[in-house]
Amino acid sequence: MTATRAEYCVIACAEAWRGDGEVLASPMGLVPSLGARLARRTFSPDLLLTDGEAMLIGPDGRPEGWLPYRRHLALVTGGRRHVMMGASQLDRYGNQNISCIGDWERPARQLLGVRGAPVNTLNNPVSYWVPRHSPRVFVERVDMVCGVGYDRADGAPYHRLVRVVSDLGVFDFDAPGHHMRLVSTHPGVTVDEVRAATGFALPTAGEVPSTREPTAEELLLIREELDPRGLRDREVRPR
């Protein structure tokens, strides 16, 4: 079976939680949610999923436990949650902006606001999902820091930016100085295309491989159980 670009993105998001063990997954957005549920069904069976309120749920959405608010706060502040957020802007160090575009005193555009991004990034491992990779998102300098990057997180014991997944490829922060680097490109995407769509220099670690292929089992789970209506293709649109 041939995977679509959206399905490669789901696989790449799922891989963010590989090896996490029993931590709370907090995916924001459809594709990250599909990735977290896929990880739970396959290679990360100890992953904890919630309904966004007070219940722990299984990958089929059925309740399987209770997560009171006090317990949730303990996970949030103690590094036992892995969040995957969106980003209106990201820079090379992983600073994220979801608040405004332009000068914050007179912004050209008001966005979501800072919300929980500072606490998320300083107290938990964090990954990012960007459904439309462009120089407007991957910028030299964010207009306002909401999620905290490596150049601003000195002394934060649980700060760790795991990966960034976009509709073009996968990135981490393992380059010298914790700069973002290109780890893989989705099939059909070239390194030059990714660099042209990025507003800062993007290092690599030698030859860049393709994002891993989904297994037949994973494709069946995505298509028949996790997202039978194909909503993933609305979030990751053809270029």
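The values are calculated or read from the model by the stated rules, or taken from the named source; none is laboratory data. Note that the coordinates shown come from a computational prediction; the quantities given were computed from them, not determined experimentally. FYI the Cβ positions are ideal-geometry reconstructions off the backbone, even for glycines, and counts take in every protein chain you see. These accessible areas exclude ligands, DNA and RNA; they are computed on the full protein's heavy atoms, side chains included. Shrake-Rupley method; radii C 1.70, N 1.55, O 1.52, S 1.80 Å.
The HN-Hα couplings worked out from phi for the stretch 4-17 by the Karplus form 6.51 cos²θ - 1.76 cosθ + 1.60 (θ = phi - 60°) are 8, 4, 4, 6, 4, 5, 4, 4, 5, 5, 4, 4, 4, 9 Hz, whole numbers, x standing for Gly and Pro. Each of (1) 130; (2) 170; (3) 122 is a candidate for volume of the Cα convex hull per residue in Å³; the one calculated from this structure is (1).
Electrostatic tally near residue 72: other residues with Cβ closer than 14 Å to its Cβ, Lys and Arg +1, Asp and Glu -1, net +2. Return the calculated 222 nm mean residue ellipticity for the chain, to the nearest 500 deg cm²/dmol, obtained by summing -39500 (n - 2.57) across DSSP H runs with n ≥ 4 and dividing by the residue count. Taken over the chain, the calculation gives -6000 deg cm²/dmol. Taking the 1.4 Å solvent-accessible surface of the stretch 159-239 as the whole, the part contributed by carbon and sulfur is 49%. Backbone amide hydrogens, once placed in the peptide plane, bring residue 87 within less than 5 Å of 129, excluding anything fewer than 5 places away on its chain. The label point for residue 174 and the one for residue 223, both projected 7 Å from the Cα toward the Cβ, are 3.2 nm apart.
Shown in residue order for the stretch 89-106 are the 3J(HN,Hα) couplings computed by the Karplus curve 6.51 cos²θ - 1.76 cosθ + 1.60 at θ = phi - 60°: 9, 9, 10, 5, 8, x, 5, 10, 10, 10, 9, 7, 10, x, 4, 5, 6, 9 Hz (x for Gly and Pro). Of the accessible area of the stretch 1-99, computed with a 1.4 Å probe over protein heavy atoms only, carbon and sulfur atoms account for 50 percent.
Distances between placed amide hydrogens fall under 5 Å for residue 175 paired with 181, all partners being 5 or more residues away or on another chain. Averaging over all projection directions, the Cα-based convex hull of the stretch 140-191 occupies 4.6 nm² in the image plane. Looking at the stretch 1-82, the DSSP beta bridges with both ends there are about 60 percent antiparallel. At a Förster distance of 22 Å, what's the computed FRET efficiency of residue 53 paired with residue 114, Cβ-Cβ distance as r, to 0.05? For R0 = 22 Å, the calculated efficiency reads 0.50.
Say R0 is 22 Å: what FRET efficiency, to the nearest 0.05, do residue 233 and residue 43 get from their beta-carbon distance? The computed FRET efficiency comes out at 0.35.
Of all beta bridges that DSSP places with both ends in the chain, some 50 percent have antiparallel geometry. Taking amide H positions as modeled 1.01 Å from N, with prolines and chain starts lacking one, the residues under 5 Å from residue 111 and 5 or more places away or on another chain are 100, 101.
A simple rule links phi to the HN-Hα coupling: the Karplus curve 6.51 cos²θ - 1.76 cosθ + 1.60 with θ = phi - 60°, which for the stretch 222-229 gives 4, 7, 9, 10, 7, 8, x, 7 Hz, with x for Gly and Pro. Compared with the direct C-alpha span, the chain from residue 104 to residue 158 gains 16.6 nm at full extension, assuming 0.36 nm per residue. With protein chains left intact and a 1.4 Å probe, residues in the chain average 48 Å² of accessible area per residue.
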